[in-house]
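Engineer: For reference, the structure I am asking about is given below.
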Amino acid sequence: MKAFDQLTERGQHQRRRRLAEAALAAFGIQAEQLTFINHGENTTYRVKTAAADGSQTGFYRTGYYLLRLHGINYNSAAEINSELQWLKALAEEAKLPVPLPVAGLDGRYVQSVQIAEIPHRYNCSLMEWLDGRLQINNPTPAHCQQLGLLVGQLHQHAQNWVLPRDFQRRSWDWEGQFGANVSNGADHATVWAAIPAQHHQLLQQTMDDFAEVERMLGKGRDVYGLIHADPHWGNILFADGAARAIDFDDCGFGYWLYDLAIAVGRWRITPQWDGIWQNFLKGYCQLQRWDEAASKLLDVIISARCTNVLQWYVGHATYDPLFASDVHEVIETFTTRIRTIYLHPPLAR
């Protein structure tokens, strides 16, 4: 049998699908239809069961689930369980439309699964299917306000929630994004060497600027806490006049500003910026105070986020054929965005 890491992208996908079937058995779920969604840090599938009848139970579509095969070099079982604890609290305490975790046959949210055709044991999780539409390219003012309100709701819950004693999640401070032990799929030296040298100075500048922001802000509860850490528009659904957050895989401890930077960052250098930002802020400020002085820091955080994602992508491209296929395009896209932000009339710098 050919080694897993020597297979083509299609060959690896076929074996992961068999792993997905084994994972469903650990949750006591029989799939009528298993549909591949995405392969990134995790591999995700939509699961349709015999109970699917077109109805909904609360926010969730009856008989449908989201299955995740978690990346082997990212979150530990304890960290995944902590994510699911927060999701359960958000859904049941705050009544927010977020994915609701499903326990396995043994009562655990995280199931450890392995099959003979893949050398690694995978942590797997299952959640109720949350319906909604994406609005990635053409959000209306209402969508921006709805997303702003949702981010404000997530922050409000995090500010008041008492963390479980065993709660473990990563941090999105400087060390968590750029330190020696960052989970980029490869060590820092390998990632840095794979990035063309002409971009090094620019990327180093964004990291240095973020370090200065961290020194300036500190980590008090007024600026820092448990955040989604990835609320970009590909992770936000819209239904029934409200935004719904999915993909909490990156949730952890970071600046409240970090969530805002991710939510609006892709629009920073576009003609739509003023409308996107002002409407987002209108929704956010329904629940959260906003200090205009914080706007001066947003460009730096947006740029640092671009640097972090670029390095993550490059690291995964060192071993995953899916990432390797377009890594050069990704590098150019993000470095161009950062340069333009640094040349753009700043929010203030």
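The values are calculated or read from the model by the stated rules, or taken from the named source; none is laboratory data. A quick note: this is a predicted structure, and the numbers were derived from the prediction, not measured. Cβ coordinates were reconstructed from backbone atoms using ideal geometry, including for glycine residues, and neighbour counts include every protein chain displayed. Quick note on the areas: whole protein, heavy atoms, side chains included, nothing else; ligands and nucleic acids left out. Shrake-Rupley method; radii C 1.70, N 1.55, O 1.52, S 1.80 Å.
Engineer: Rounded to the nearest 10 Å², what accessible area does I262 have for a 1.4 Å probe in the complete protein model?
Structural biologist: Accessible area of I262: about 10 Å².
Engineer: Turning to a different aspect of this structure: Determine the relative contact order of the chain: mean sequence separation of Cα pairs under 8 Å and six or more apart, normalised by residue count, in whole percent.
Structural biologist: Values: 551 pairs, mean separation 61.0, N = 349.
Relative contact order comes out at 17 percent.
Engineer: Could you give the nm distance between label points at A197 and E117, where each point is 7 Å from its Cα heading toward the beta carbon?
Structural biologist: My value for the distance between the label points is 4.5 nm.
Engineer: With springs only between Cα atoms under 10 Å, which of A20, A245, A211 fluctuates most in a Gaussian network model of the chain?
Structural biologist: With Cα springs under 10 Å in the chain, the top fluctuation among A20, A245, A211 is at A211.
Engineer: Let me ask something else about it. How many percent of the accessible area of the range 1-128 is carbon or sulfur, using a 1.4 Å probe? All intermediate terms of the calculation are to be shown ahead of the outcome.
Structural biologist: Details: 2810 of 6010 Å².
That share works out to 47 percent.
Engineer: Related question: Distance check, please: which entries in K48/K219; K48/K282; K95/K282; K88/K296 exceed 32 angstrom between their Cα atoms?
Structural biologist: On the way: K48/K219 43 Å; K48/K282 38 Å; K95/K282 22 Å; K88/K296 35 Å.
Pairs exceeding 32 Å: K48/K219; K48/K282; K88/K296.
Engineer: Roughly how many Å² is the accessible area per residue of the chain, as a whole number, for a 1.4 Å probe?
Structural biologist: With the other protein chains kept in place, the chain gives 45 Å² per residue.
Engineer: In addition: Report the charge-dipole magnitude of the chain in Debye, nearest 20, computed about the Cα centre from +1 at each Lys and Arg Cβ and -1 at each Asp and Glu Cβ.
Structural biologist: Dipole size: approximately 380 debye.
Engineer: Given axes a ≥ b ≥ c from the Cα gyration tensor, I'd like to know whether the chain is rounded (a/c under 1.5), prolate (a/b larger than b/c) or oblate.
Structural biologist: Details: a/c = 1.72, a/b = 1.22, b/c = 1.41.
Oblate.
Engineer: What whole-number value in cubic angstrom gives the convex hull volume per residue for the C-alpha atoms of the range 262-349? Show your work: numbers first, answer last.
Structural biologist: Values: hull volume 9.5 nm³, N = 88.
Value for the range 262-349: 108 Å³ per residue.
Engineer: Which value in nm describes the separation of the simple spin-label points at E332 and E292, placed 7 Å from the Cα toward the beta carbon?
Structural biologist: 4.1
Engineer: Taking one equal scatterer on every alpha-carbon of the range 1-153, how large is log10 of I(q)/I(0) by Debye at q = 0.10, 0.12, 0.20 1/Å?
Structural biologist: -0.41, -0.58, -1.34
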